[in-house]
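Q: Here it is, the structure, as structure tokens.
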Protein chains: 2
Amino acid sequence: MAAGRGRPEDLREACVREALAIVAEQGVEGLSLREVARRLGVSHQAPYKHFPSRDHILAEMAARAFAAFAGHLESRPPGNPPHEDLAAMGRAYMDYALSRPLDYRLMFGTPLPNPADHPDMLRLACHAFDMLRQGIARAHAAEGRTVEGQDLDADALYVWSTLHGLAGILRGQATGGLVQVAVPVETVLEEMLARVGRGLGLRAGKT
Amino acid sequence: MAAGRGRPEDLREACVREALAIVAEQGVEGLSLREVARRLGVSHQAPYKHFPSRDHILAEMAARAFAAFAGHLESRPPGNPPHEDLAAMGRAYMDYALSRPLDYRLMFGTPLPNPADHPDMLRLACHAFDMLRQGIARAHAAEGRTVEGQDLDADALYVWSTLHGLAGILRGQATGGLVQVAVPVETVLEEMLARVGRGLGLRAGKT
DNA sequence: CTCCATGGTTGACGCTGTCAACCATGGAGC
DNA sequence: GCTCCATGGTTGACAGCGTCAACCATGGAG
């Protein structure tokens, strides 16, 4: 029975923590509940008392990754003008995607059979998306335009798509080095942000 | 021993075909070599005589998906003006991604441990990317600009990223319905293409 | 004091990828 | 024509996986 270090709720937490550690080492394919149990010195069925299935643990982990992700996006310096702030958000996005690729993949690359089964995760994901939406709205507002509703959604979808796609490609997941990115990542990103700014119809570009 | 319908090279082909069928039905996680063998009425080790490992079959399938994908991109009507042609390519891209989501995931969503091990697949992937690059170059040329080298790469990367990202999001893989896409896909796509056109600095938008 | 929900245990099942050893066949070299 | 060996199939085994089932300790509510 483990090294009796446990109050109630303890094993559940420990499972998630250990699962995250495994994913950080070996990626999501290397995760098994039995391995989690083994590392915790606990029987192979113990985690099952806290999670109905492997997918539920995955969803919980994804939820936490989303929370950390949102925190990362929020941690950019305050007080910048809207254009610059939006660009900073883009940089924060890519920074997270590249510095914690396995967490990123957990959020965006892991196929959960039915995401609707995991409402907590969905809510956190929506929160992150909202941050982007607001950043875009502010940037438009700074140029005297009011953008909202479906137009704003479309803008946000556009920015999100571009960042998400670039992240996938830079991480090589998509193409395994299809593009020979000879130039440093920062340069690629700045070029991309400039194009995105034009695409949004922002006057100054985003820089 | 199966229904002796086989010349040499036959079982290898049959494996790939059957594996693709399984993926089309159940997605890539549902694929197992044993199931392939079972469906072909052959022993569970027979496929192993033709593929060193599961990953190699996956790579072969991805390669074929890339080939089909390139074909799909190429099948757009000829003779259109460059802007329109580029937009048509974007539509073809999304059409493939949404109408054959499992193949698409095979190309872009499946994590192959080491893509460099599968040069054929890489080559086909690069070919598809080249088509995009050329389409963009023509669109610029139509406006009297010559874009090449790193700038062209950046443009292509930008367009590819955006389409790839949008495809991922529309397929729900990324976010599981994070965005409530109330409007039809076509509309979302056209809005996106318009933004991409602006991002590229094309005068007319892309439509 | 009893009872039962909670959270742990062990054991089994069927599935997977992969390794190993064995065997039929048919064409090359002599 | 006989031998030999590569090719491509076979069966059998192994460990690891998720999951189901049954069992058991404990502790708080009635």
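Just so you know, all these numbers are worked out from the coordinates, no wet-lab data involved. Remember, predicted model here, so these are calculated numbers, not experimental data. Here the Cβ is made from the backbone with ideal geometry for all residues, glycine too, and neighbour counts use every protein chain on show.
Q: Evaluate the charge dipole of the protein assembly as shown about its Cα centre and quote only its size in Debye, nearest 20, assuming +1 on the Cβ of each Lys and Arg and -1 on the Cβ of each Asp and Glu. Numbers along the way, then the final one.
A: On the way: 46 positive and 50 negative charges, 141 e Å.
For this selection, approximately 680 debye.
Q: Turning to a different aspect of this structure: Averaged over A:194-201, how many beta carbons belonging to a partner chain fall within 10 Å of each residue's beta carbon?
A: Working: counts 4, 13, 7, 2, 7, 11, 3, 4.
Mean partner shielding for this stretch: 6.
Q: Any idea what the alpha-carbon Rg over 2.2 N^0.38 Å comes to for chain B? Display every interim value, and only then the final one.
A: Values: Rg = 19.7 Å, N = 207, 2.2 N^0.38 = 16.7 Å.
Against the empirical 2.2 N^0.38 Å value, I get 1.18 for chain B.
Q: Shape call for the range A:89-161 from the C-alpha gyration tensor, a ≥ b ≥ c root eigenvalues: rounded (a/c under 1.5), prolate (a/b greater than b/c) or oblate?
A: On the way: a/c = 2.89, a/b = 1.60, b/c = 1.81.
Taking the square roots of the gyration eigenvalues as a ≥ b ≥ c, the range A:89-161 is oblate.
Q: Using the Cα centre of chain A as the reference point, and only Cβ charges (+1 on K/R, -1 on D/E), how large is the resulting charge dipole? Debye, rounded to the nearest 20. Don't skip to the answer; put the middle values down first.
A: On the way: 23 positive and 25 negative charges, 81 e Å.
Charge dipole of chain A: 380 debye, to the nearest 20.
Q: Still on this structure: At q = 0.07, 0.08, 0.09 Å⁻¹, what log₁₀ I(q)/I(0) does the protein assembly as shown have when each alpha carbon counts as one equal point scatterer in the Debye sum?
A: -0.37, -0.48, -0.61
Q: Still on this structure, I have one more. Placing a label point 7 Å from Cα toward Cβ, how far apart in nm is A:Gly79 from its equivalents in the other copies, listed shortest first to one decimal?
A: Spelled out, the distances from A:Gly79's label point are 6.3 nm.
Q: From the helices alone, meaning DSSP H stretches of at least four residues, give me the mean residue ellipticity at 222 nm for the protein assembly as shown, per-run term -39500 (n - 2.57), in deg cm²/dmol to the nearest 500. Intermediate results must be reported in sequence, preceding the final value.
A: On the way: 16 runs with 266 residues, N = 414.
After summing the helix terms and dividing by the residues of the protein assembly as shown, the value is -21500 deg cm²/dmol.
Q: Relative contact order of chain A: what whole-number percent is it, with Cα pairs under 8 angstrom and at least 6 residues apart? Write out the running numbers ahead of the final one.
A: Values: 180 pairs, mean separation 38.9, N = 207.
For chain A, the relative contact order is 19 percent.
Q: Sorted from shortest, what are the nm distances separating the label point of B:Glu143 from equivalent points in the other copies, each placed 7 Å from Cα along Cα to C-beta?
A: 1.5
Q: Note down the magnitude of the dipole of the range B:46-124 about its Cα centre, charges +1 on Lys and Arg C-beta and -1 on Asp and Glu C-beta and zero elsewhere, to the nearest 20 debye. Working shown, then result.
A: Working: 8 positive and 9 negative charges, 45 e Å.
Computed charge dipole of the range B:46-124: roughly 220 debye.
Q: Which Cα, out of B:Ala116, B:Val147, B:Tyr96, lies furthest along the positive dipole direction of the range B:84-172 (beta carbon charges, K/R +1, D/E -1)?
A: Ranked along the dipole, the leading option is B:Tyr96.
Q: At a threshold of 8 angstrom on Cα-Cα distance, excluding pairs fewer than six apart, so keeping six or more, what relative contact order does the range A:41-162 reach in percent? If you can, show how the numbers build up before the last one.
A: Details: 79 pairs, mean separation 36.8, N = 122.
Relative contact order comes out at 30 percent.
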